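Working notes, beginning with the structure itself.
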Amino acid sequence: MNSVVTDVAQERRVVTEIPGPNSQALHARRQKVVSAGVAATFPIYIDHAKGAILVDVDGNQYIDMGGGIGVVTIGHVDDAVIDAAMAQAHKVTHTLFTVAGYESYVRLCELLAQHTPGDFEKKSVLVNSGAEAVENAVKIARKFTGRTGVGVLDHGYHGRTNLTMAMNFKAMPYKLGFGPFAGDIHHAPNSYPFHDKLSGAEAAARTISYFEKKVGATDLACLVVEPIQGEGGFVVPADGYLPALQKWCNDNGIVYVSDEVQSGIMRTGHYYASEFFGVVPDLVTTAKGVAAGFPIAAVTGRADIMDASHAGGLGGTFGGNPMAAAAAVQVFEEIEKRDLLGEAKRIEKTLKGALVNLQKKYPTIGDIRGKGAMLAIEFTEPGTDTPISDIVPKITAYAIQKGVLLLSAGTYGNVLRFLPSVITSDELILDAVAVIDEALSSI
Ligand code: PLZ
């Protein structure tokens, strides 16, 4: 277990019952010391990983179709990223950037300014997690506007801190019993074309009317929107919806915040999903895929907004950790060097094609949606949009037994979402879909 793993055959391989004996033993230890509030979606324990494959402590190999919920977009244990982080680790591991600086923080902010949407002067602050990035975006927008209201959309997800809990749509499991929550958060209906059948213009008019009636535009500091909703079920808004929201924000002095924690950094075949929709946010949050698993996140946006905070108002002990920042810088370099945006588009072509074929066989697949390597299928009663919520848990339980790790999503738990690394081969993608096919025919 101490040896350096250099390679793993890119294939699924089941060599014990799942969970195997070593995973079972670790799970028993975990249950004694890890809070029951920390879920265990699969009671398996990973020893090492490479590329698109996870290897558990019993030697079982899984095709990772979840990427640690969209984090290892570049692939597990990418050599260039690990080398960059290790080189930094041997130089300096911590100073606290607000006390004494280092280059990787500055370089990452340069890259974020370059690759986030919008051709204007941008600045960033680096933090530790997606939720912390969202918290900071709200903080910064409030300081800039002198207003306090925060608009969010139904089916949205923004984190597990007190403020971001209040911004989430779903009570269970994110909020129930954890209140009281931060105030002045206002929820409005989103665009969910598969269910609401509204055009982008109609859905935007509904959203805007809610905010205008319930809050009043002049009391809103910001609107925080995931361009493709992640935990909510990879909800892709109707054409024109996001640009209409952005225009309304711009016209009314509301800071438009794009929460790209899940959809950002090559995931959709673009650096940021906002680009796909033709939206130029005032502020963007980045986390997950930016550093391949090293914890780091950012708020990036218009320099005047980012500079509205007084010195000392933003920061935190570990924010922009040198190793995590060096890893993130390398991720950006690899995206360019290896055309990883193109790889995300390849995943879309292969996976969407296979899912369309699957839908022909199984009419319970009501909708196929998403972009790049962020795709999902939603299960509904055939010919209707009534959710069927017991199919997805059966598929994920079946698949893990066969060496495929799949994730669910959606307000009704009826969405199977795919967040594979963009380096996953077509062969592995098709193999994973074949396992879903087997699962569906066995249900
Ligand atoms: N904003 C859009 O998707 C994190 C949550 C996993 P953190 N989504 C995965 C879980 O069960 O906690 C997310 C997101 C969007 C914010 C966040 C929060 O990011 O890094 O988990 O804090």
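The values are calculated or read from the model by the stated rules, or taken from the named source; none is laboratory data. Source: prediction; values computed, not measured. Every residue, glycine as well, gets a Cβ built from its backbone with ideal geometry; the counts of neighbours run over all protein chains shown.
Condition check ((1) free of Cβ contacts under 8 Å to residues at least 40 places away in the same chain; (2) within 21 Å of Leu406 (Cβ to Cβ); (3) surrounded by fewer than 18 Cβ atoms within 10 Å (Cβ to Cβ)) across all residues:
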residue	(1), (2), (3)
Ala9	no, yes, yes
Pro19	yes, yes, no
Arg29	yes, no, yes
Ala39	no, yes, yes
Ile46	yes, yes, yes
Asp56	yes, yes, no
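Just name the residue that is farthest from Gly230 (Cα to Cα) out of those in the stretch 155-183 that are part of a helix (DSSP H, G or I) and in contact with a strand residue (DSSP E or B) (Cβ under 7 Å, 6 or more places away or on another chain).
The initial filter retains those residues of the stretch 155-183 that are part of a helix (DSSP H, G or I), namely 162-167.
Retained after the next criterion (residues that are in contact with a strand residue (DSSP E or B) (Cβ under 7 Å, 6 or more places away or on another chain)): 166-167.
Working: Ala166: 17, Met167: 14 Å.
Once the filter is applied, the top-ranked residue is Ala166.
Among the listed residues Val152, Val261, which satisfies the condition of being part of a strand (DSSP E or B), buried (at least 24 other Cβ atoms within 10 Å of the Cβ) and within 12 Å of the ligand (Cβ to nearest atom)?
After applying the criteria, what remains is Val152.
Since Gly67 meets every condition but one in (1) closer than 30 Å to Gly232 by Cα; (2) more than 22 Å from the chain's Cα centre (by Cα), which condition does it not meet?
Single failed check for Gly67: (2).
For the stretch 126-149, name all the residues that are among the β-branched types (Val, Ile, Thr) and surrounded by fewer than 19 Cβ atoms within 10 Å (Cβ to Cβ).
Thr148, the sole residue that qualifies.
Quick grid of which residues meet (1) of a type in the set (Val, Ile, Thr); (2) touching a residue at least 40 places away in the same chain (Cβ under 8 Å):
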| residue | (1), (2) |
| --- | --- |
| Thr386 | yes, no |
| Ile391 | yes, yes |
| Ile395 | yes, yes |
| Ala434 | no, no |
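Determine which member of the set Lys360, Lys371, Lys349 is without any contact (Cβ under 8 Å) to a residue 12 or more places away in the chain and under 22 Å from the mean Cα position of the chain (by Cα).
Residue meeting the stated conditions: Lys349.
From the residues in the stretch 264-310 that are surrounded by 24 or more Cβ atoms within 10 Å (Cβ to Cβ) and among the polar types (S, T, N, Q), which one is nearest to Gln114 (Cα to Cα)?
For the stretch 264-310, the residue satisfying everything is Thr300.
Can you confirm whether Gly315 is assigned to a loop (DSSP other than H, G, I, E, B), farther than 19 Å from Asp64 by Cβ and either assigned by TED's automatic domain parsing to the domain that holds Asp426 or over 20 Å from the mean Cα position of the chain (by Cα) (or both)? Let's see the steps before the verdict.
Details: assigned to a loop (DSSP other than H, G, I, E, B): yes; farther than 19 Å from Asp64 by Cβ: yes; either assigned by TED's automatic domain parsing to the domain that holds Asp426 or over 20 Å from the mean Cα position of the chain (by Cα) (or both): yes.
For Gly315, the condition - assigned to a loop (DSSP other than H, G, I, E, B), farther than 19 Å from Asp64 by Cβ and either assigned by TED's automatic domain parsing to the domain that holds Asp426 or over 20 Å from the mean Cα position of the chain (by Cα) (or both) - is met.
(1) more than 15 Å from the ligand (Cβ to nearest atom); (2) part of a strand (DSSP E or B); (3) within 21 Å of Gly370 (Cα to Cα): which one isn't true of Leu245, the others all being true?
(2)
Inside the stretch 47-115, counting only helices (runs of 4 or more DSSP H) that do not spill past its ends, which hold 3 or more residues that are modelled with pLDDT of 95 or more and more than 22 Å from Val422 (Cα to Cα)? If you could, list the steps in order and put the result at the bottom.
Details: elements: 67-70, 79-89, 103-115.
It comes to 79-89, 103-115.
Matching residues to (1) farther than 18 Å from Ile254 by Cβ; (2) hydrophobic (A, V, I, L, M, F, W, C); (3) away from the ligand (no atom under 16 Å from the Cβ); (4) outside any strand (DSSP E or B):
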site: Met266; (1), (2), (3), (4): yes, yes, no, yes
site: Ser274; (1), (2), (3), (4): no, no, no, yes
site: Val280; (1), (2), (3), (4): no, yes, yes, yes
site: Val290; (1), (2), (3), (4): yes, yes, no, yes
site: Gly293; (1), (2), (3), (4): yes, no, no, yes
site: Val299; (1), (2), (3), (4): no, yes, no, no
site: Ala311; (1), (2), (3), (4): yes, yes, yes, yes
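Condition first: more than 16 Å from the ligand (Cβ to nearest atom) and farther than 22 Å from Ala273 by Cα. Now tell me which residues in the stretch 99-139 satisfy that.
The answer is Val99, Ala100, Gly101, Tyr102, Glu103, Ser104, Tyr105, Val106, Arg107.
Is one or more of the residues making up the stretch 198-206 part of a loop (DSSP other than H, G, I, E, B) and away from the ligand (no atom under 16 Å from the Cβ)?
Yes, the stretch 198-206 contains at least one residue that is part of a loop (DSSP other than H, G, I, E, B) and away from the ligand (no atom under 16 Å from the Cβ).
Is one or more of the residues making up the stretch 212-230 under 29 Å from Gly146 (Cα atoms), in the same structural domain as Thr116 (by TED's automatic domain parsing), out of contact with any helix residue (DSSP H, G or I) (no Cβ under 8 Å at 6 or more places or on another chain) and within 14 Å of the ligand (Cβ to nearest atom)?
yes
How about the stretch 392-406: which of its residues are crowded, with 22+ Cβ neighbours inside 10 Å and aliphatic (A, V, I, L, M)?
Those that are crowded, with 22+ Cβ neighbours inside 10 Å and aliphatic (A, V, I, L, M): Val392, Ile395, Ala399, Val404, Leu405, Leu406.
Okay, residues lined up against (1) over 13 Å from Leu223 (Cα atoms); (2) free of Cβ contacts under 8 Å to residues at least 40 places away in the same chain:
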residue	(1), (2)
Val134	no, no
Val138	no, no
Ala141	no, no
Phe144	yes, no
Val150	no, no
His155	yes, no
His158	no, no
Asn162	yes, yes
Met165	yes, yes
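Quickly run through the stretch 166-180 and pick out the residues that are within 11 Å of the ligand (Cβ to nearest atom) and either among the aliphatic types (A, V, I, L, M) or closer than 20 Å to Thr148 by Cα (or both).
Met167, Asn168
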